[in-house]
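The block underneath contains the structure these notes are about, expressed in structure tokens.
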Amino acid sequence: MLRISLHRLCFHNHQKVLLYRQYRPLPIKKLQNQYTAIKDKYNSKLIQHFSVSHVHRVPIPPHLIALFLRPVSRFFAMILGTQIRRWYLKLSEKEKEKFWSNVQKRRKQIYYSIAGALGLLTMYCGFHMELDPITGKRKLILFNQQQMNAIANVIAEQLIQENPHAVLKPSHPHYRRALKIAMQIINANKKHDLVKDRNWFLVVVNDPRINAMVLPNGIIVVFTGLLNMANDEQVGIVLSHEIAHCLLNHHAIRLSHEYLLEILLFLPLLLVMWAVFPIPEAIFGYFLGNYFKDLVLLLPYERDQEIEADKYGLLLAANTCLDVRQAIVFWKMMEKIDVNNNIPWWLSTHPSHSKRIEYIENLMPYALKIRHQKGCPVIDKSYWSRLPFFN
């Protein structure tokens with residue numbers, strides 16, 4: 001999964017999305033059996049074809065202002081902190097003594113106010129704890145689905161407009177191949193409500209990046225770099241992983257955690273820094289605090305989400321009767337060619353490839369068991385005989 005930040009955040013959507021008008025992506029419709037079989041001129045296989053839905057521009061709703069409140073609130077925290085510092089430095093010694101004397105007298109009131117604010121915030125978060133139907137864990141989600149949909153529409157529009165000439169037409173061979181793989185995963189897992197209740201769309205971007213992502217508004221984005229490097233089974237493994245991110249609502253959960261940390265930690269710390277320290281030290285403290293927040297609080301959570309998506313993505317792939325063993329082959333290939341593989345794991349949004357391979361190897365017997373229970377075709381053992389792990 002690409003690293004998700006506030007300006008690149010994407011969410012599940014039941015609404016229609018404004019996409020590039022010349023190259024509209026082909027929607028993968030839920031629970032529709034009205035498939036039109038068309039013969040691929042590049043091979044004799046039949047793929048499922050779906051008509052393109054009309055798309056409309058979605059106006060930016062008022063709650064999207066919340067996305068812009070983060071930089072604005074940081075700016076005002078800096079201004080307010082600076083003004084407090086200037087006001088305090090202008091006070092005489094007697095006025096400073098009087099100020100601290102009043103603080104000492106009212107310290108109980110200050111403590112009670114802080115405790116009350118934290119109590120209200122805790123109650124607010126408690127009302128927004130939701131039970132994940134997949135993992136059975138309770139997770140904090142501060143944004144409702146309608147808000148996520150609106151944010152996703154805007155980000156999806158931006159994504160397509162940034163690559164207007166790179167978006168492949170539905171008639172392109174790469175598009176047909178990606179559509180076939182995506183449809184296998186969707187159809188095999190459509191018994192699950194989280195899958196069948198979504199309107200899935202496909203976008204194939206002509207880009208050398210070996211990557212794919214599934215925006216939580218139902219748009220599956222595949223880069224041709226992945227299609228050129230990996231076989232169909234491996235592409236299916238990657239798409240299953242990204243679909244798992246969407247079904248687990250990872251994007252909404254991460255955004256909620258970022259906002260909560262912003263309110264509880266970063267903004268108060270920013271205000272105090274600008275009120276206490278001179279401007280150069282305050283600027284240094286700002287970048288240091290932001291780096292500390294990402295390094296210690298957010299990056300570990302992102303790596304945990306990746307491991308969770310590996311687990312449930314492998315199960316989606318097993319339900320699809322994909323050769324789940326190809327997951328190990330793919331990540332070993334990525335371990336050799338990934339230019340970011342030398343980055344220390346504690347600086348990365350993803351776990352190291354070696355750790356990911358070890359985790360998938362531990363899950364492999366369970367995934368193969370699910371695949372066997374589904375009555376999937378037997379895997380060709382001759383292909384795997386040269387790999388010691390499967391002997």
**OP:** Within the range 323-336, track down each residue that is under 17 Å from M229 (Cβ atoms) and in a loop (DSSP other than H, G, I, E, B).
**Re:** D323
Original post:
Hey, which of the helices (runs of 4 or more DSSP H) in the range 72-173, taking only ones fully inside, have at least 2 residues that are of a type in the set (A, V, I, L, M), touching a Cys at 6+ places or on another chain (Cβ under 7 Å) and surrounded by fewer than 14 Cβ atoms within 10 Å (Cβ to Cβ)?
Top reply: none
**OP:** Report yes if some residue within the range 193-202 is charged (D, E, K, R) and either under 29 Å from P71 (Cβ atoms) or touching a strand residue (DSSP E or B) at 6+ places or on another chain (Cβ under 7 Å) (or both); otherwise report no.
**Re:** no
Subject >> Pairs, first free of Cβ contacts under 8 Å to residues at least 24 places away in the same chain in the range 92-108, second in a loop (DSSP other than H, G, I, E, B) and surrounded by 11 or more Cβ atoms within 10 Å (Cβ to Cβ), C-beta under 9 Å, six or more apart >> reply: K98/L91; F99/L91
Original post:
Of the residues D304, D294, which is within 23 Å of T122 (Cα to Cα), among the acidic types (D, E) and out of contact with any Phe, Trp or Tyr (no Cβ under 6 Å at 6 or more places or on another chain)?
Top reply: D294
**OP:** Considering every residue within the range 358-366, establish whether at least one is of a type outside the set (F, W, Y) and farther than 21 Å from H245 by Cα.
**Re:** yes
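All of the numbers you see were taken from the coordinates with simple rules; none came from a lab. Everything numeric in this text was worked out from a predicted model, so none of it was measured. With ideal geometry, Cβ positions are generated from the backbone for all residues, glycine too; neighbour counts draw on all protein chains shown.
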